[in-house]
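J.: Provided herewith is a single structure, encoded as structure tokens, for subsequent inquiry.
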Amino acid sequence: MRARPLALAATAITLTGLLAACGSTSATSGGATAPAGSTASATSTQALAPGSASDVAFAQMMIPHHQQALEMADLAAKYATSAEVKALADQIRTAQTPEIEQMTSWLTAWDAPTVMPSSSGGDGGMDGMDMGGMGGDSGLMSEADMATLGNARGAAFDRIWLMMMIAHHQSAITMSQQVLTDTTNPAVKTLATAVTVGQATEIATMQKLLASG
Amino acid sequence: MGPVVTRRQVMLGVAGMGAVAGLSACARGGSALVGAPAVASSESARPTTGATRDLALRARAVKVDLGGTVVSTWAYGDTVPGTPFRASAGDRVRIAFRNDLPEETSVHWHGLAIRNDMDGVPGVTTPAVAAGATSAYDFVIPHAGTHWFHPHHGMQLDRGLYAPFIVEDPAEPGRYDAEWILVLDDWTDGVGRSPERIYSDLADAGNRTADGMGMGMGGGGMGGMDGGDVAYPMYLVNGRPTNDPQTLTAKPGARVRLRIINAAADTIFTVALGGHDLTITHSDGYAVSTVPTSALRLGMGERYDAVVTLGDGVFPFVAAPVGKTGLARALVRTGGGPVPAANARPAELGSFALTVDMLQGAEGTALEEREPDTTQDLALSGTMAPYRWTINGRTYDDTVPLTIRSGQAGRLRITNMSMMPHPIHLHGHTFQLGPAGGTGPRKDTVLVPSMGSVDVDLLADNPGQWMVHCHNAYHAEAGMMTRLDYLA
């Protein structure tokens, strides 16, 4: 099907759907068990479990995604007018910098490249579904969107930054939830759960800031 | 949108309901569907104002002037869009409908969580209205908001058959001086190919490509857009192209409530008002946290209300089709000044567009906090070749419906496995984005991003059989629909 990590997950979802459609009460969320807010810090002292193809793809996609968040945080440090936005940008930098280091160390340990071999590849000509998407499956903000943010000033900067960071966080959560449907690697589980929970909390904060702006 | 409706199901009509249900796994398990008495009892429990509003509504062939090009199309009444219908929450509405089209049709009241047998979905809720026949719709409106109506039959929505249905909230203070309804549409009828022809061309191109190992980009060179499958010759605001825009005349400083409805069949729009920010106040009829934005993105079937305080001059309200070439617009005039060029794109349009995931529900709009009794998945997928769009891997004629029981809390986990966004619409309910009792806004149509996912919670408080589908009319016709069936 379309992109790498989803192909497996999709099968599972379809099966669940068929069962659930018959009125069974399915359990709530899947395998996310790590406590909220825990960061995946202690794992480096333990041996890293092998990474599956979807673990590798997750790290390869999430590293540039996090790097873009840091880029946006840097812009906020320069141009944000509200203290709340600046503080949030700091918080994001503090959370995501070690996560980038950690994911990079996984890929090194797994002997996988830290960048995807072909960042847009994989879909081939199978189904012709690559329609550009809104953000596509990389979840990254487009260059045009980054330019819009970089050129904005004043209250408009804060507002656009919050809107873009909400969208950016949403795609990080989507990627994390996808990998959580099939990963068995404890380190991946911990980090993906931390991203899901931590960024959902930040989204709520950003929605509130937007509404008061 | 209509699609409910494979030819076979139309022929079966209401009698077909049992047969369709009988094929589903659930019905095999012995669970019967909820019946007419539950629908009637739910209706009689709705609070009413005691007032009754009557509407004589006629679907007919008309000629409309699109900026100097006169085309024949189908419309409600004499105009595109049809005259807005207004009522208040709690009113009983009686609609005497006459079908003067050359083929059968139906009317679906999009966004109104009304009694199931008035929902206007042939083969599921309400019999189709034959050519030349009349039909009576009679229901109590449960809640306020910016809604609309359109056929739920084949590709008819992609003609001129649509009109606003505005439900006023008697308790809401009128904190604005004027109101402006803005209905967005993608237009081909009488200018380009007919909607039916576009659909069959998409299907044919898909089949040829699927047979021939081609590139998979169907649609006669029109695929490959992130917003939709079809390039339209015109885009309209309130039935008018860019060279003949509707003009709102007001005083500088006036506070105007915009009610924006995306009635397009295949087009997501980004809208902006030159020189102004829009302060978003409602989505799909429910109040949201008020957020100012330069640009706003609406999927097909979505509605947003916004408030704006007008400056002094002439300003274009523009709607840019996402991933397509073209523009729709209207004008605001509060003072002197030249009319902007027809293709003028105000800077606001280039800003980052607000989508619903940036909003919270306003206080008092959340569902009661509750863990779901049942959680069910909708996996969205599809291909251009063959031209086939599915939910949980199935087209509608082969669907396994979602099920729920009256009083249950339900969660739908919607996962988009395709590379284009899909506006998913649930009939008869306004779900909450995210968990019930959380901060998410209430919606009946949600644009699920490509490769993204959205969880929504709902309360099963309106018994019946309800369509759940993509509001891209071409995708729906190609199978991207299922139902939420109440079990007895």
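J.: Which members of the range B:470-488 meet the condition of being farther than 17 Å from B:Met300 by Cα, assigned to a strand (DSSP E or B) and not hydroxyl-bearing (Ser, Thr, Tyr)?
T.: Correct list: B:Arg483, B:Leu484, B:Asp485, B:Leu487.
J.: Separate question: Checking the structure you have, find out if any residue of the range B:330-340 is within 14 Å of chain A (Cβ to nearest Cβ) and either within 24 Å of the chain's Cα centre (by Cα) or not polar (S, T, N, Q) (or both).
T.: Residues of the range B:330-340 within 14 Å of chain A (Cβ to nearest Cβ): none.
Looking through the range B:330-340, none of the residues is within 14 Å of chain A (Cβ to nearest Cβ) and either within 24 Å of the chain's Cα centre (by Cα) or not polar (S, T, N, Q) (or both).
J.: Having 1 or more residues that are surrounded by fewer than 23 Cβ atoms within 10 Å (Cβ to Cβ) and either touching a helix residue (DSSP H, G or I) at 6+ places or on another chain (Cβ under 7 Å) or of a type in the set (Lys, Arg) (or both) is the bar; report the strands (runs of 3 or more DSSP E) wholly within the range B:279-357 that clear it. Break it down into steps so the answer makes sense when it comes.
T.: Working: elements: B:286-293, B:295-298, B:303-309, B:314-321, B:328-333.
Here the list reads B:286-293, B:328-333.
J.: Can you tell me which residue in the range B:63-77 is surrounded by the most Cβ atoms within 10 Å (Cβ to Cβ), limited to those that are within 18 Å of B:Glu196 (Cβ to Cβ) and of a type in the set (A, V, I, L, M, F, W, C)?
T.: Filtering the range B:63-77 for residues within 18 Å of B:Glu196 (Cβ to Cβ) gives B:71-75.
From what is left, the residues that are of a type in the set (A, V, I, L, M, F, W, C) are B:71, B:74-75.
On the way: B:Val71: 17, B:Trp74: 20, B:Ala75: 24.
Among residues in the range B:63-77 that are within 18 Å of B:Glu196 (Cβ to Cβ) and of a type in the set (A, V, I, L, M, F, W, C), the one surrounded by the most Cβ atoms within 10 Å (Cβ to Cβ) is B:Ala75.
J.: Here are some conditions: (1) more than 12 Å from chain B (Cβ to nearest Cβ); (2) closer than 16 Å to A:Met61 by Cα; (3) polar (S, T, N, Q). A:Thr184 meets all but one. Which one does it not meet?
T.: (2)
J.: Next question. Take the residues in the range B:418-449 that are open to solvent by 10 Å² or more (accessible area, probe 1.4 Å) and closer than 16 Å to B:His475 by Cα; name whichever of them is nearest to the other protein chains (Cβ to nearest Cβ).
T.: By that ranking, first place goes to B:Pro449.
Here's the yes/no breakdown for (1) open to solvent by 10 Å² or more (accessible area, probe 1.4 Å); (2) within 18 Å of B:Ser41 (Cα to Cα):
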{"position": "B:Glu103", "(1), (2)": "yes, no"}
{"position": "B:His110", "(1), (2)": "no, no"}
{"position": "B:Gly123", "(1), (2)": "yes, no"}
{"position": "B:Ala128", "(1), (2)": "yes, no"}
{"position": "B:Ala136", "(1), (2)": "yes, no"}
{"position": "B:Phe139", "(1), (2)": "no, yes"}
{"position": "B:Thr146", "(1), (2)": "no, no"}
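J.: Hand me the list of strands (runs of 3 or more DSSP E) wholly inside the range B:60-173 holding 1 or more residues that are more than 21 Å from B:Arg303 (Cα to Cα).
T.: Working: elements: B:69-76, B:85-88, B:92-100, B:108-110, B:134-140, B:145-150, B:163-168.
Here the list reads B:69-76, B:92-100, B:134-140.
J.: Give the residues of the range B:361-415 that are closer than 17 Å to B:Met451 by Cβ and more than 9 Å from every other protein chain (Cβ to nearest Cβ), sorted by residue number.
T.: Result: B:Leu380, B:Trp389, B:Thr390, B:Ile414.
J.: Considering only the range A:136-175, state which residues are free of Cβ contacts under 8 Å to residues at least 24 places away in the same chain and either more than 9 Å from chain B (Cβ to nearest Cβ) or in a loop (DSSP other than H, G, I, E, B) (or both). Explain how you work it out, then say what you get.
T.: Step one: list which residues in the range A:136-175 are free of Cβ contacts under 8 Å to residues at least 24 places away in the same chain, which gives A:136, A:142-145, A:147-148, A:151, A:156, A:160.
Answer for the range A:136-175, where residues must be free of Cβ contacts under 8 Å to residues at least 24 places away in the same chain and either more than 9 Å from chain B (Cβ to nearest Cβ) or in a loop (DSSP other than H, G, I, E, B) (or both): A:Ser142, A:Glu143, A:Ala147, A:Asn151.
J.: Can you find, within the range B:455-469, the residue that is nearest to the other protein chains (Cβ to nearest Cβ) among those that are free of Cβ contacts under 8 Å to residues at least 60 places away in the same chain and assigned to a strand (DSSP E or B)? Explain how you work it out, then say what you get.
T.: Quick first cut of the range B:455-469, residues free of Cβ contacts under 8 Å to residues at least 60 places away in the same chain only: B:455-456, B:460.
From the residues that got through so far, the ones that are assigned to a strand (DSSP E or B) too are B:455-456.
Values: B:Asp455: 10, B:Val456: 14 Å.
By that ranking, first place goes to B:Asp455.
J.: On the given criteria, is B:Leu298 of a type outside the set (Gly, Ala, Ser), under 30 Å from B:Tyr199 (Cα atoms) and within 14 Å of chain A (Cβ to nearest Cβ)?
T.: Values: of a type outside the set (Gly, Ala, Ser): yes; under 30 Å from B:Tyr199 (Cα atoms): yes; within 14 Å of chain A (Cβ to nearest Cβ): yes.
The answer is yes for B:Leu298.
The values are calculated or read from the model by the stated rules, or taken from the named source; none is laboratory data. Everything quoted here is computed from the prediction, not taken from an experiment. Backbone-built Cβ (ideal geometry, glycine too); neighbour counts: all protein chains shown. Each accessible area value is taken on the protein alone, full model and side chains, heavy atoms only, with ligands, DNA and RNA left out. Shrake-Rupley method; radii C 1.70, N 1.55, O 1.52, S 1.80 Å.
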